[in-house]
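Step one of this worksheet: look at the structure below.
The values are calculated or read from the model by the stated rules, or taken from the named source; none is laboratory data. None of the values given here were measured: they were computed from a predicted structure. All Cβ positions, even for glycine, are placed from backbone atoms using ideal geometry, and neighbour counts span all protein chains on display. To get the accessible areas, we keep the full protein, side chains included, count just its heavy atoms, and leave off ligands, DNA and RNA. Shrake-Rupley method; radii C 1.70, N 1.55, O 1.52, S 1.80 Å.
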Amino acid sequence: MTIEIKNLEKKYENFHAVKNLNFIIKPGSIVGLLGPNGCGKTTTIGMMLGLIKPTSGKVIIKGKDVENESDRIKILEKMNFISPYVELPKKLTVKENLIVYGKMYDVINLNEKIDTLIKDLNLFEFKNRKTGELSSGQKNRVSLAKSLINSPEILLLDEPTASLDPDTGDYIRTYIEEYALKYKTTILLASHNMNEVERLCSEVMMMKSGKIIDKGTCESLISKHGRKNLEQTFLKLVRE
Amino acid sequence: MKISRMYALSIRHLYLIKGSFPRILDLIYWPTIQIILWGFISKFFTMYSDYYSNTIGVILSCAILYDFLFRSSISFNMLFLEEIWSRNFTNLFVAPLKVSEIIIALTSTALIRTLIGIVPAILLMSPLFGVSILNMGPALLLLFLSLYLFGTTLGILVTSGLLRFGPAFENTAWSSLFLLAPLGCVYYPLSILPEWLQYISKFLPLVYIFEEARSILINNVINYDNIIKALMLNLFYFVVAVIIFYFSFYGARKKGTLVNMGE
């Protein structure tokens, strides 16, 4: 699924959150979206999901305009999302949450799909526990399972490993990496973790004050700005 | 429109109710308390007033009807608030759910939630006070339908406010019905109100519903004009509420509140 962002803008009353954004994400690629807090990453993802109405411009996914209500529903059937700022109902068990979302996405052979995700993401021992009782690492794995329940062709990941310990973070990264390779999933990854972005992304877009200030492969950006790694490149760009 | 999606949103809330005894208790507690409280108030009226010849029956039946309305509205609001409180709100709106599917799912789940609360109260009426609202006969179903429509309408309106203005609108969810109760003439006839207030009250379907309930209970006469007026007004307000909900949804998208609701 190709994602095309054309002249995308979002203005609030006294704040210009996203300014004339243009980019294309090719099917099966993992693209990183980097930028300091408040630079417009979440607003961009919100517009891609149809949660935020753009002031102007378009989000076209697989040739369909997200702003068209019936197209938006069709796109959302093939898409999913994960963010540390969004949680699953705490009082429902892990399995109940997966059943609810599986049915919402109209997943065929839902029980089989849930069993596979539970096995793949090591959720078996707490599948009948309430989601709110789990550790943040375990909750993160459940959220990841929810985001994969509909076998999405596009996955929007907003800081998927934020506040996780290195071991759990690495587990999640490895899983996403293998999953994307196996299923050719198109992924947009917004992250503050530069190692994560270097490891997973074939291309990176740097955002600042609502604009993309540079983009390219990690290696090309590092060498273009004469820095040792992506983190230093990022710091140079945002501090300029 | 897909049944499975609406079913999914319903079972999300039924799982919540099923898995929490305090929630079930909370659903049953208030209607039961209302019945007991009003039962004793009515008993007092029977002893010291001759306004109604069947005071307990009338007051208690109106209390049950009003509680049904209250539960319908609050249940709808609660289902929505649960999503905000659990920070699950954004997950719902990135799922392929149409706005119409959300409204239908919440409306039908609110009915289940309301019935869990109201059925024990109805069953308690007879052994505790020797009266039963079921004696009102088939017209009772139409009155319940009207109240359910109005309760849901209020729920949709409050939810529209929550969508548009965020959790700050929560207090309105709790107070919405208390504001309308005095004008709805739940426990007294319309003629009690000052004349100018009567004109305003006549825009509320509640007036016709409760006037009719009293008419059935006291005179044993069913006036279908009142029932039809109430249903027509309810349908009108329901359609207006749904339109407002759609506007609020698009307003929330414009304002960006769907992304950070609950934070």
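Count of the range A:138-170 residues, restricted to those that are open to solvent by less than 10 Å² (accessible area, probe 1.4 Å) and more than 25 Å from A:Ser29 (Cβ to Cβ), is 1.
Considering the range A:189-228 alone, what residues qualify as being under 21 Å from A:Leu121 (Cβ atoms) and under 14 Å from the mean Cα position of the chain (by Cα)?
A:Leu189, A:Ser191, A:Asn193, A:Glu196, A:Leu200
Restricting the search to the range B:15-34, which residues are within 10 Å of chain A (Cβ to nearest Cβ) and either more than 15 Å from A:Lys91 (Cβ to Cβ) or assigned to a helix (DSSP H, G or I) (or both)? Scanning the range B:15-34 gives B:Tyr15, B:Leu16, B:Ile17, B:Lys18, B:Arg23. Of the residues making up the range B:179-215, those that are open to solvent by less than 20 Å² (accessible area, probe 1.4 Å) and charged (D, E, K, R) number 2.
Residues B:Ser86, B:Ser75, B:Ser100: which one is within 14 Å of chain A (Cβ to nearest Cβ), touching a Gly at 6+ places or on another chain (Cβ under 9 Å) and within 28 Å of A:Tyr105 (Cα to Cα)?
So the residue among B:Ser86, B:Ser75, B:Ser100 that is within 14 Å of chain A (Cβ to nearest Cβ), touching a Gly at 6+ places or on another chain (Cβ under 9 Å) and within 28 Å of A:Tyr105 (Cα to Cα) is B:Ser86.
Residue pairs whose Cβ atoms lie under 9 Å apart, sitting 6 or more positions apart in sequence or on different chains, and linking a residue in the range B:229-245 that is free of Cβ contacts under 8 Å to residues at least 40 places away in the same chain to a partner that is in a helix (DSSP H, G or I) and of a type in the set (Phe, Trp, Tyr), are B:Lys229/B:Tyr208; B:Leu233/B:Phe150; B:Leu233/B:Tyr208. Scoring B:Leu258 on the criteria (1) more than 21 Å from B:Pro167 (Cα to Cα); (2) crowded, with 19+ Cβ neighbours inside 10 Å leaves a single failure, condition (1). Within the range A:158-195, the set of residues being of a type in the set (A, V, I, L, M) and part of a helix (DSSP H, G or I) comprises A:Ile172, A:Ile176, A:Ala180, A:Leu181, A:Met194. A:Lys6: surrounded by fewer than 22 Cβ atoms within 10 Å (Cβ to Cβ), within 12 Å of chain B (Cβ to nearest Cβ) and among the basic types (Lys, Arg), yes or no? Answer is no for this residue. Could we say that B:Ser108 is at pLDDT 90 or above, open to solvent by 20 Å² or more (accessible area, probe 1.4 Å) and assigned to a helix (DSSP H, G or I) here? Judged against the criteria, B:Ser108 is a match. Residues of the range A:196-240 that are surrounded by fewer than 18 Cβ atoms within 10 Å (Cβ to Cβ), in contact with a strand residue (DSSP E or B) (Cβ under 6 Å, 6 or more places away or on another chain) and part of a helix (DSSP H, G or I): A:Val238 alone.
Among B:Ile218, B:Ile228, which is the only one that is open to solvent by 80 Å² or more (accessible area, probe 1.4 Å) and away from chain A (no Cβ under 14 Å)? Spell out the reasoning first.
Details: B:Ile218 fails: open to solvent by 80 Å² or more (accessible area, probe 1.4 Å).
Only one candidate qualifies: B:Ile228.
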